[in-house]
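The values are calculated or read from the model by the stated rules, or taken from the named source; none is laboratory data. Just so it is clear, the structure is predicted and the values come from calculations on it, not from any experiment. No Cβ is skipped: glycine too gets one built from the backbone with ideal geometry, and neighbour counts run over all protein chains shown.
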Amino acid sequence: MAALVILLFSGKRKAGKDYVTDLIQKRLTAEICCILRLSAPLKQQYAKDHNLDYEELLGCGQYKESYRADMIRWGEMKRQQDSGFFCRLAIKHATQPIWIISDCRRMSDVQWLQEEFPDRCVCVRVEASEQTRSQRGWRFTTGKNATCDFKWPEKNLQSFST
């Protein structure tokens, strides 16, 4: 079943995207609304292609950090070959009428979803101050924070601050 509504969430690390999307799903229920993450199929495919531990790549530890830069490069290469590669993997098993994609990090992902599902996508930007993000454990790291941020055109953006 194709979604009736797709909420595309963007925001910097530790801005509160997961918190907001979890609240929405609790309110709507899991029968009506599913949370999809583009990073999960990326990490799963990367682990498979490189013979790595997928569960460790999902975590926050040093294992993932040691592969992060190469995983980002690999993901960009895959997107250049096929801009919808990770999106298709993420939505493959979704059956609910409302999809929440909680980690839109690349404009190419947003564009693919908007082209595949015209008039169904709503872009939401979650923002938090650097002070709030720091209190949640965020620390600036060169090469880690800037790679996944983009600004959406204002015409298709709802913004919430946490």
query: Is it true that Leu38 is over 19 Å from Asp103 (Cα atoms) and of a type in the set (A, V, I, L, M)?
result: no
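I'd like to check something: does the stretch 88-106 contain any residue that is among the aliphatic types (A, V, I, L, M) and either farther than 17 Å from Arg37 by Cβ or at pLDDT below 85 (or both)?
No - not one qualifying residue is present in the stretch 88-106.
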- request: Hand me the list of helices (runs of 4 or more DSSP H) wholly inside the stretch 82-141 holding 3 or more residues that are within 25 Å of Gln44 (Cβ to Cβ).
  value: 85-91, 107-116
Cβ pairs under 6 Å, 6+ apart, first in the stretch 108-135 and in contact (Cβ under 8 Å) with a residue 40 or more places away in the chain and loosely packed, with under 15 Cβ neighbours inside 10 Å, second part of a strand (DSSP E or B) and of a type outside the set (Asp, Glu): Val122/Leu7
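Scan the stretch 62-72 for residues that are charged (D, E, K, R) and either touching a Gly at 6+ places or on another chain (Cβ under 8 Å) or modelled with pLDDT under 95 (or both) and jot them down. Give the steps one after another, and end with the answer.
First, pick out the residues of the stretch 62-72 that are charged (D, E, K, R): 64-65, 68, 70.
Within the stretch 62-72, Lys64, Glu65, Arg68 qualify.
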message: Would you confirm whether or not the stretch 15-26 contains a residue that is touching a Ser or Thr at 6+ places or on another chain (Cβ under 8 Å), among the acidic types (Asp, Glu) and closer than 21 Å to Cys87 by Cβ?
response: yes
- prompt: Of all the residues that make up the stretch 1-56, how many are touching a helix residue (DSSP H, G or I) at 6+ places or on another chain (Cβ under 7 Å), without any contact (Cβ under 8 Å) to a residue 12 or more places away in the chain and either in a helix (DSSP H, G or I) or buried (at least 20 other Cβ atoms within 10 Å of the Cβ) (or both)?
  reply: 3
